[in-house]
Amino acid sequence: MKYIKPLSLAVLLCSPAAVFAATLNTVASFSVLGDIVKEVGGAHVHVTSLVGPNGDPHTFEPKPADSQTLHNADVVFVSGLGMEGWMNRLIDASGYKGEVVTASQGVNSRQMQEDGKTVTDPHAWNSAANGAIYARNVMNALIKADPQDADYFRQHGTAYIEQLNKLDAWAKKTFAAIPQSRRHVITSHDAFGYFGAEYGVKFLAPVGFSTEAEASASDVAGLINQIKQEHIHTYFIENQTDPRLVEQIAAASGAKPGGELYPEALTTKDGVAPTYVAAFKHNVETIAASMK
């Protein structure tokens, strides 16, 4: 159900033919996706992100209030690709009957090995080119849900997609200027597969695509040896994960800290990565700076 933004009595009296502006009540599974919905929807959406700033979407545990939030939504957005394992249960519990939009629809997904099994890497948005696909899917879903404001969504969505495409080209140019032999780093978990494939960076991580996974002693030892053999000099922590394991590996291998990255959780408004665009820029600049 849409709710209507109130207009003052003065406006109504001065403009009897005024058209009320609709606002869609939307829910996004996590902060990165929520920001994409905000950028495309602008003044015509109210967005609630279930997993908020600095929150881990892998280990998120829904609360009763989240069920009510979903129940009252007009449109629900998820990333898909196995990212939100908790979402179907929450939707069933909420009684939500509306459309669930999978923002990653159309992405060329990556496969990876996890505990001897082939699984889909869910972190598609870490390529800005894929972020543009997310934005287009969001735009089309908002137009479908609120055709009255189609021109508004199309204008905002198109401008945002163009911005993301420019970011993608900038990231490619940035890393192309760095010798391939220096494009190696260590991160807390395997969240940068799409980033690495798009921009020619090799990432090593002690933990797989989900932060719920645990690294074995033999895996850690093998990673330390690989880091030494490949002369990898820099490690990064992530804002939504426990940094202790990657710091222990760095200490054993001689790698130095390169800073903090934001692969799947934005910061609060006063942080360095309050939006998807800001997070992507920060990640590119921070990783590239460590290689020069």
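FYI, it's all coordinate maths here, none of it is from the lab. Keep in mind that what you see is a predicted model, and the values were worked out from it rather than measured. Cβ atoms come from the backbone with ideal geometry, glycine included; neighbour counts cover every protein chain shown.
Amide H to amide H under 5 Å from residue 204: which residues, 5+ apart in sequence or cross-chain, H placed 1.01 Å off N in plane?
The answer is 185, 186, 187.
Once label points are set 7 Å from the Cα along Cα→Cβ at both residue 88 and residue 159, what is their separation, rounded to one decimal in nm?
3.9 nm
For residue 272 paired with residue 197, estimate the spin-label separation in nm (one decimal), with each label point 7 Å from Cα along the Cα-to-Cβ line.
2.8 nm
May I have the count of lysine pairs in segment 3-169 with C-alpha atoms under 25 Å apart, counting pairs 8 or more residues apart or located on different chains?
9
Students often check this: by mean Cβ neighbours within 10 Å, which of 121-134, 56-69 ranks highest, and how do the rest follow?
121-134, 56-69
Counting other C-beta atoms within 10 Å, which of 291, 112, 83 has the fewest, and how do the rest follow?
Ordered from fewest to most neighbouring Cβ atoms within 10 Å, 291, 112, 83 come out as 112, 291, 83.
Gap in Å between the Cα centre of segment 160-194 and the Cα centre of segment 60-86?
The distance from the Cα centre of segment 60-86 to that of segment 160-194 comes to 30 Å.
If you take the beta carbon distance between residue 114 and residue 176 as r and set R0 to 30 Å, what does 1/(1 + (r/R0)^6) give as a FRET efficiency, to the nearest 0.05?
According to the calculation, E is roughly 0.50.
With θ set to phi - 60°, apply the Karplus curve 6.51 cos²θ - 1.76 cosθ + 1.60 along segment 172-181 and write out the HN-Hα couplings as whole Hz, x wherever there is a Gly or Pro.
So the Karplus estimates, Gly and Pro as x, are 4, 5, 4, 7, 5, 7, 10, x, 4, 5 Hz.
What FRET efficiency comes out for the pair residue 25/residue 61, r = Cβ-Cβ distance, R0 = 22 Å, nearest 0.05?
In this case the efficiency is close to 0.40.
Taking only DSSP H segments of four or more residues, each worth -39500 (n - 2.57), what value at 222 nm results for the chain once the sum is divided by all its residues, to the nearest 500 deg cm²/dmol?
-13500 deg cm²/dmol
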